[in-house]
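The values are calculated or read from the model by the stated rules, or taken from the named source; none is laboratory data. Owing to the predicted nature of the structure, the values given are computational and were not obtained by experimental measurement. Neighbour counts are summed over all protein chains in view; Cβ atoms, including those assigned to glycine, are modelled from backbone coordinates with ideal geometry. Just so you know, the surface numbers come from the protein's heavy atoms only, side chains and all, with ligands and any DNA or RNA stripped out. Shrake-Rupley method; radii C 1.70, N 1.55, O 1.52, S 1.80 Å.
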Amino acid sequence: MFKEEKVADYDFESYDSEIEKNIAFRELTINEDIERLHRWHHQEHVKPFWNLNISFEHYQRHLKKMLKDSHQTLYIGHLDDVPMSYWETYWVNEDIVGKHYEYEEADQGIHLLIGAEEYLGKGYALPMLKAIVSFQFQQKQTKKVIAEPDIRNDKMIHIFKKCGFKPVKTIDLPDKQGLLMFCEREEFEKGGSNNAKSSQS
């Protein structure tokens, strides 16, 4: 299993007592993460839903463009300091999904993938999703986090539901047909929260 030295400055950390692991997120960087991300996007479980199994040169241009887009922030998710997932958080009011429902100005959205194949099927996606939604709700003005998983991705839709996301409707997006789902702060917080700490207030 690929390991590396602990990153000193995570943006968010939480310990999940059910899986007995430390969950952490940090903003990605080109130098540290591009080879890893390019490899993850060529995994068989990722390709059908992301369609980014492209050449390294094309992927490099794609990632640089993503990093310049101020309406979103890109993160690498860690379990016990091992990088194993990719996360995109975004503001709905500047995203194309905002054309599909009457959003509130502080609504946020999320995309994710578990990149390292050895972490699949072990129950890690749900606690990590809960952790990053907790991170998003640290923005006090945010009352709703949304998702729009591919309607073919039954496993991910199931995980979103277990996290507190409720299906709203099917929407047509440029790269997929998605299931619009809402996670309301009040309902999410009723489910409890992890012992979390963040470098952001």
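What the table below lists for this structure:
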| item | result |
| --- | --- |
| Condition met for Ile132 (within 14 Å of Ile114 (Cα to Cα) and either touching a residue at least 12 places away in the same chain (Cβ under 8 Å) or open to solvent by less than 20 Å² (accessible area, probe 1.4 Å) (or both)) | yes |
| Close pairs from the range 154-173: first free of Cβ contacts under 8 Å to residues at least 40 places away in the same chain and more than 14 Å from Ile132 (Cα to Cα), partner aliphatic (A, V, I, L, M) and assigned to a helix (DSSP H, G or I), Cβ under 7 Å, at least 6 apart | Lys162/Leu126 |
| Enumeration of residues in the range 54-93 that are assigned to a loop (DSSP other than H, G, I, E, B), hydroxyl-bearing (Ser, Thr, Tyr) and over 17 Å from Arg26 (Cα atoms) | Ser55 |
| Failed condition for Asp69, given (1) open to solvent by 60 Å² or more (accessible area, probe 1.4 Å); (2) more than 25 Å from Asp154 (Cβ to Cβ); (3) touching a helix residue (DSSP H, G or I) at 6+ places or on another chain (Cβ under 9 Å); (4) among the acidic types (Asp, Glu) | (1) |
| First in the range 175-192 and on the phi < 0 side of the Ramachandran plot, second anywhere and part of a helix (DSSP H, G or I), Cβ under 7 Å, 6 or more apart | Leu179/Ile157; Leu180/His100; Met181/Phe160; Cys183/Val133; Cys183/Cys163; Phe188/Val133 |
| Residue match in the range 18-30 (condition: at pLDDT below 95 and open to solvent by 70 Å² or more (accessible area, probe 1.4 Å)) | yes |
